[in-house]
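Readers should treat all values here as calculations from the given coordinates under stated rules, not as data from a laboratory. None of these values were measured; they are calculated from a predicted model. Please note: Cβ atoms are built from the backbone with ideal geometry, for glycine as well, and neighbour counts cover all protein chains shown.
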């Protein structure tokens, strides 16, 4: 018999011998530990991560369990690989490390993309995962600049949804896109979390550590 299967069966038998109350208590402890670890990790990102300003294009769906939330599409969420440095070939699901550099207005722009985190990078590097690969930009404003095939990747950074007070998501969605920005915290490992939502450069919402 496969060793791992035998170990799993023995664990199942052991769990079956435990009183029901103890099994429930152990499940609660494990779930609480996992939730605590997730909350603690996010708090560390917000506390220790370097801040970057990201231009966004929001679209607003609705989550009935948590009130309104805004789905955020970032300018760095679609990359023209022929316009930036780094690797030129990615597949859907690949990890991607995007080097950010502030422009003249202080907004972070992608200047390079790599399959592996660049060693010794002095700039902020945000980590994501390739959501799609294409030969043409999906954004209407970029299509004219690419009349024939050009390498494009869509990137999911794990910060594409932001929860707001119930009833206010639609207001944000209808706000002129150029007026909205996100301030994200990015750790040295590339993990990111939304820290603040700005409207006309002024804080609209801020995220507590816990």
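What to note about this one:
- Residue 50-residue 148 FRET efficiency (beta carbon distance; Förster radius 30 Å; 0.05 resolution): 0.20
- You can think of it this way: the chain between residue 101 and residue 163 has 19.6 nm of extra reach, that is 0.36 nm per residue less the Cα-Cα gap.
- Order of 109, 139 - criterion: other Cβ atoms within 10 Å of each residue's Cβ, fewest first: 139, 109
- Volume in Å³ per residue [convex hull over Cα atoms, computed for the stretch 51-206]: 120
- Spin-label model, residue 209 to residue 123: label points 7 Å out along the Cα-to-beta-carbon direction sit 3.1 nm apart.
- Each of 163, 90 was scored by other Cβ atoms within 10 Å of its Cβ. Arranged with the fewest first, they read 163, 90.
- FRET efficiency for the residue 43 to residue 139 pair, using the beta carbon distance and R₀ = 35 Å, is estimated at 0.55.
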